[in-house]
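Undergrad: Structure in structure tokens, see below.
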Amino acid sequence: MVTLTIDRGLKDSVYEQVAGQVRQLVASGTLAPGTPLPSVRQLASDVGVNLNTIARAYRLLEAEGFLAIKDRAGVFVAAPAVRAKTTVKKELQNQLSVTIARLRQAGVSHDELLALVEREVSVISDQPPEASK
Amino acid sequence: MTESTLVNLFLIIRVFLIGGLLLALPHIMRKGLMFGVYIGEGTAKGDSASQLLHSWRHGCVLVMVLALGVGLGISAAGWPVAGNLTGTAVLLCSALALYLRLYAKARKLIPPEAARQAQKTVVSLDVGRSRGQPFARATLAICLITSLLLILYAVASYRVMPDLVPALSGTGPMSEKVFIDTIYFPVLALVVSSLFSLLALFTAGAKRSLRDGTGSYSAEAQDAFQLFFTKLLCWIAILFCALLTLISVQIVRVGLSATNWIGHEIWWAPGILVIFMLIGLIRIMRKYGQGGSFREYGSAETPLTGALADNDHWVLGLFYFNRDDSSIMVESRFGVGYTLNYANSTAILFTVTYLVLTIGLAALGLVRVLS
């Protein structure tokens, strides 16, 4: 059973925690493409938050390509894109550059950075997009 | 058997039934919870918690002896009905006093980490867990349609009734037809059956408070309990609807002179309803425990989260009041079942509406019987 842990004691808002954890679960392959997710109403009721909070997280994940929201059928995990769009790739590369620069500035060494990236990549599902379709 | 012996027998059965249920409560308690307080799974295994349970058992026996002593004493003085009512009142009031005493003691056992656990909420991403919702919706629809048809039947029948109808109460054989008497039981059917159906619907969608870390057993246990409790409420709603429909139709038929009397056999139906509710309660106590705690297995050692771990938003451990929680219903922290979130506008509207309707109908019934 896949669970999310929402912690109101953290500085991240509930919608950021939901989005962040679903992102990780999809990237790691724990949530396979096509897996249905609870409706906005159901998840909002379980977490005990307003419908808009969960709707916001789902909309963000849909925009990022992690989820597919079909009006009547519900919410599903989306399959990874076969080929990255140039604009999306560039935008994310910029974000990565900023994150790496901030890590370096925060005192993380070159080797530590490489190890960090390697670890993050290793937890991502290596299933090719075509196979998971 | 004299009337006084029968009244005393009812008191003895009631005291042993309620007292027995109270005595059984510590056996079904969810690990970490004690008298409406989250004291943590570790503390629940300690000596202080054991002492509280010991006090509860002794207290319950004392409460039963006190209720029987007062009730039967008043009855022996020549007032059996007053003895029955006073004995029941003593039982309930002293049990509440015992609970509040132990609730206050349990609050002193709250560990510092409990506040941290209350900020966490573990939710499952499994879909289709609310398996009870379609059944609850169908029950609500059946009860509403049946009750509304029953009201229409009563209103239509009232118009063709003669001015003088056989009396259902009082000494005279005939009495004037009264609209309220004809419509009373159909309206009661609507109110009671819709109350239980709506409670079933809220229960089916009630918020779960899963255990931290190993949520799998915890989720399955709570799902199974939630489904059973929803179905139990649905069947109670259906049985109430059927019973009150039966009584309503018979009262109308008496008014229409289609039958002479509503029939003594009809009064067996409430007995069946009480037995059904009792069997449901015993099944919960034997098979599920508080909120399905008997099925938590290994996960019962991990800490609770959410509403169950939250010591700040419960009033006396019985009433949940949390403005930051959008849930209508959550699991109770004491006893079995679920409770409303009294900070939720739907829950407030539901409570006020049914309180007004119940008090109004009870008062109206009393006025009609006395007149």
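The values are calculated or read from the model by the stated rules, or taken from the named source; none is laboratory data. Keep in mind the model is a prediction, meaning the values are calculated, not measured. When we count neighbours, we look across all protein chains shown, and the Cβ atoms used for this are built from the backbone with ideal geometry, even at glycine.
Undergrad: When you go through B:219, B:258 one by one, which is the residue that is in contact with a Lys or Arg (Cβ under 9 Å, 6 or more places away or on another chain), modelled with pLDDT under 90 and farther than 29 Å from residue B:353 by Cα?
TA: B:219
Undergrad: Might you check whether a residue that is under 22 Å from residue B:45 (Cβ atoms), within 28 Å of the chain's Cα centre (by Cα) and of a type outside the set (Val, Ile, Thr) occurs anywhere in region B:122-139?
TA: Checked against the condition, which is being under 22 Å from residue B:45 (Cβ atoms), within 28 Å of the chain's Cα centre (by Cα) and of a type outside the set (Val, Ile, Thr), region B:122-139 yields no hits at all.
Undergrad: Mind counting the residues in region B:284-311 that are of a type in the set (Val, Ile, Thr) and in a helix (DSSP H, G or I)?
TA: Residues that pass the stated criteria total 1.
Undergrad: Tell me, yes or no, whether region B:263-283 has at least one residue that is more than 16 Å from residue B:220 (Cβ to Cβ), out of contact with any strand residue (DSSP E or B) (no Cβ under 9 Å at 6 or more places or on another chain) and either within 14 Å of another protein chain (Cβ to nearest Cβ) or outside any helix (DSSP H, G or I) (or both).
TA: Yes, there is a match, as at least one residue in region B:263-283 is more than 16 Å from residue B:220 (Cβ to Cβ), out of contact with any strand residue (DSSP E or B) (no Cβ under 9 Å at 6 or more places or on another chain) and either within 14 Å of another protein chain (Cβ to nearest Cβ) or outside any helix (DSSP H, G or I) (or both).
Residues checked against (1) part of a helix (DSSP H, G or I); (2) among the polar types (S, T, N, Q); (3) away from chain B (no Cβ under 11 Å):
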| site | (1), (2), (3) |
| --- | --- |
| A:43 | yes, no, no |
| A:46 | yes, no, no |
| A:53 | yes, yes, no |
| A:61 | yes, no, yes |
| A:72 | no, no, yes |
| A:82 | no, no, yes |
| A:87 | yes, yes, yes |
| A:90 | yes, no, yes |
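Undergrad: Among the listed residues B:68, B:102, B:91, identify the single one that is touching a strand residue (DSSP E or B) at 6+ places or on another chain (Cβ under 9 Å) and not hydroxyl-bearing (Ser, Thr, Tyr).
TA: Only one candidate passes the filter, namely B:102.
Undergrad: Can you tell me which residue within region B:35-45, out of those that are modelled with pLDDT of 90 or more and more than 20 Å from the chain's Cα centre (by Cα), is surrounded by the most Cβ atoms within 10 Å (Cβ to Cβ)?
TA: Checked region B:35-45; the qualifying residue surrounded by the most Cβ atoms within 10 Å (Cβ to Cβ) is B:38.
Undergrad: Residue by residue through region A:7-34, note down the ones that are charged (D, E, K, R) and in contact with a strand residue (DSSP E or B) (Cβ under 9 Å, 6 or more places away or on another chain).
TA: Passing the criteria: A:7, A:8.
Undergrad: Follow-up question, since we're still on this one. Any chance you could count how many residues in region A:1-27 are away from chain B (no Cβ under 11 Å) and closer than 14 Å to residue A:59 by Cβ?
TA: So the count comes out to 4.
Undergrad: Right, another one. Enumerate the pairs (first residue in region A:111-123 and without any contact (Cβ under 8 Å) to a residue 24 or more places away in the chain; second residue anywhere and of a type in the set (A, V, I, L, M)) with beta-carbon separation below 8 Å, excluding pairs fewer than 6 apart on the same chain, so at least 6 apart or on different chains.
TA: Filtered contacts from region A:111-123: A:113/A:100; A:113/A:103; A:116/A:103; A:116/A:108.
Undergrad: Of all residues in region B:243-277, count the ones that are in contact (Cβ under 8 Å) with a residue 40 or more places away in the chain and closer than 17 Å to residue B:18 by Cα.
TA: 2
Undergrad: Condition test on residue B:229, is it among the aromatic types (Phe, Trp, Tyr) and over 30 Å from residue A:6 (Cα atoms)?
TA: For residue B:229, the condition - among the aromatic types (Phe, Trp, Tyr) and over 30 Å from residue A:6 (Cα atoms) - is not met.
Undergrad: Does residue A:59 count as under 30 Å from residue B:118 (Cβ atoms) and without any contact (Cβ under 8 Å) to a residue 12 or more places away in the chain?
TA: Yes.
Undergrad: Another question about this same structure. Among the residues in region A:28-38, are any within 12 Å of chain B (Cβ to nearest Cβ), under 14 Å from residue A:79 (Cα atoms), surrounded by fewer than 20 Cβ atoms within 10 Å (Cβ to Cβ) and among the β-branched types (Val, Ile, Thr)?
TA: Yes - at least one qualifying residue is present in region A:28-38.
Undergrad: From the list B:371, B:345, B:326, exactly one residue is without any contact (Cβ under 8 Å) to a residue 60 or more places away in the chain and closer than 16 Å to residue B:208 by Cα. Which is it?
TA: B:326
Undergrad: Also, I was wondering about something else. Could you pull out the residue among B:71, B:40, B:78 that is within 30 Å of residue B:5 (Cβ to Cβ) and not in a helix (DSSP H, G or I)?
TA: After ruling out the rest, the residue left standing is B:78.
Undergrad: Another question, then. Among the residues of region B:197-238, how many are over 19 Å from residue B:292 (Cα atoms) and surrounded by 24 or more Cβ atoms within 10 Å (Cβ to Cβ)?
TA: Going through region B:197-238 one residue at a time, the tally reaches 2.
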